[in-house]
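See structure below.
The values are calculated or read from the model by the stated rules, or taken from the named source; none is laboratory data. Model, not experiment: these values are computed from the prediction. Note that we place each Cβ from the backbone using ideal geometry, even for glycine, and neighbour counts take in every protein chain shown.
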Amino acid sequence: MDRTHVAACWEANAETWTRHARAGYDLYRDLQNTPVFLANLPDIAGLNGLDIGCGEGGNTRKLAERGARMTAIDIAPTFIRHAREAETQAPLGITYLESDGTALPFANDSFDFATAFMSLMDMHRQDLGIAEAARVLRPGGFLQFSILHPCFAPPNRKVLRDAQGNVTGLLITEYFSDPAGAIEVWRFGAAPEHEKAGVEPFRVPRFHRTLSEWVAMIVAAGLTIEHMAEPSVDARTAEARPYLADTLIAPLFLHIRARKGAAA
């Protein structure tokens with residue numbers, strides 16, 4: 001699967017994804033992934049930032065609200081349209097562009113930092129995505145990204161529950177397999193049944209890499225890892241939101257911040 005096929009999948013997902021995400025159906029994002037990502041983000045006030053794979057722009061706006069001057073890109077035109085509409089309604093000075101994360105339309109050393117919320121893993125060439133992010137960073141700048149955890153969310157991951165619906169474990173297999181763009185079909189599990197029934201499910205290409213492969217790509221791009229996080233809910237949150245209880249057992253996400261070396 002190449003860039004064209006990936007773009008077509010995400011363009012097909014974008015309308016429903018935007019509506020459901022903004023309705024609060026993406027609980028893993030809203031209650032876990034994004035809050036932890038932002039809590040671990042360095043001070044970005046006054047910096048020039050690039051958000052890679054911005055989707056409908058919700059997280060880009062959170063970055064701009066922290067004082068960063070944001071540019072954001074996505075491969076799907078419908079995502080960019082929705083992001084620009086939100087910017088028009090409540091301006092934060094964000095520039096949104098339709099672009100491919102594996103071939104960024106920016107000069108070398110253009111940004112102080114880059115972010116990628118759950119987007120690098122969906123690129124058909126993650127090595128190019130990381131290398132491009134490194135290229136457009138100024139010396140001393142950083143890339144912070146989140147992905148599905150390579151160890152605990154491989155191509156086959158099943159949450160095991162008892163008769164009462166309580167999480168009892170995880171079934172994890174195929175860590176070393178390469179799905180090479182195989183399509184996963186799914187929906188936001190927290191969406192009401194009438195919402196699910198009225199739309200097509202998401203079709204997401206899967207490009208699994210092992211943890212060592214992710215580290216190798218970061219190193220090859222000339223970046224140095226300085227922070228990692230594996231978000232988990234606490235027992236109280238798991239009880240209040242059973243949908244998220246699987247992350248008491250093992251993390252669903254991995255966060256990494258890597259920095260470009262300063263000039264000599």
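Just a few scattered comments:
- Checking F188 against (1) in a loop (DSSP other than H, G, I, E, B); (2) among the hydrophobic types (A, V, I, L, M, F, W, C); (3) more than 21 Å from the chain's Cα centre (by Cα), the condition it does not meet: (3)
- Every pair of residues 6+ apart whose Cβ atoms lie under 7 Å, when the first sits in the range 75-95 and is surrounded by 22 or more Cβ atoms within 10 Å (Cβ to Cβ) and in a helix (DSSP H, G or I) while the second is at pLDDT below 95 and of a type outside the set (D, E, K, R): none
- Close Cβ contacts (under 7 Å, 6 or more residues apart or on different chains) running from residues in the range 231-254 that are part of a loop (DSSP other than H, G, I, E, B) to residues that are modelled with pLDDT of 90 or more and aromatic (F, W, Y) comprise P231/F253; A250/F152; P251/F152; L252/Y28; L252/F152.
- Among the residues examined, A182 qualifies as within 21 Å of F207 (Cβ to Cβ) and small (G, A, S).
- Of the numbered criteria (1) under 24 Å from S232 (Cα atoms); (2) in contact with a Leu (Cβ under 7 Å, 6 or more places away or on another chain), the one P155 fails is (2).
- Qualifying residue in the range 12-22 (condition: more than 25 Å from I256 (Cα to Cα) and among the β-branched types (V, I, T)): yes
- Residue within the range 232-251 that is under 19 Å from the mean Cα position of the chain (by Cα), aromatic (F, W, Y) and either closer than 27 Å to R19 by Cα or at pLDDT 95 or above (or both) present: no
- Residue list for the range 171-185, restricted to those being in a strand (DSSP E or B), of a type outside the set (A, V, I, L, M, F, W, C) and within 14 Å of C9 (Cβ to Cβ): E184
- Of all residues making up the range 154-170, the number that are in a loop (DSSP other than H, G, I, E, B) and under 21 Å from D122 (Cβ atoms): 2
- From the options F202, F188, residue that is crowded, with 16+ Cβ neighbours inside 10 Å, aromatic (F, W, Y) and either over 23 Å from M1 (Cα atoms) or at pLDDT below 95 (or both): F188
- The set of residues in the range 116-145 being of a type in the set (K, R) and either surrounded by 24 or more Cβ atoms within 10 Å (Cβ to Cβ) or closer than 20 Å to D43 by Cβ (or both) consists of R138 alone.
- Consider the range 133-179 and keep the residues that are touching a strand residue (DSSP E or B) at 6+ places or on another chain (Cβ under 8 Å) and among the acidic types (D, E). The one that is farthest from M228 (Cα to Cα) is D162.
- Residues in the range 1-26 that are farther than 30 Å from A107 by Cβ and either surrounded by fewer than 16 Cβ atoms within 10 Å (Cβ to Cβ) or without any contact (Cβ under 8 Å) to a residue 60 or more places away in the chain (or both): A12, R19, R22, A23, G24.
- Of all residues in the range 48-68 being under 12 Å from the mean Cα position of the chain (by Cα) and under 19 Å from A134 (Cβ atoms), the one that is surrounded by the fewest Cβ atoms within 10 Å (Cβ to Cβ): G53
- For the range 36-47, filtered to residues that are under 25 Å from G93 (Cβ atoms) and under 13 Å from the mean Cα position of the chain (by Cα), the residue that is surrounded by the most Cβ atoms within 10 Å (Cβ to Cβ) is F37.
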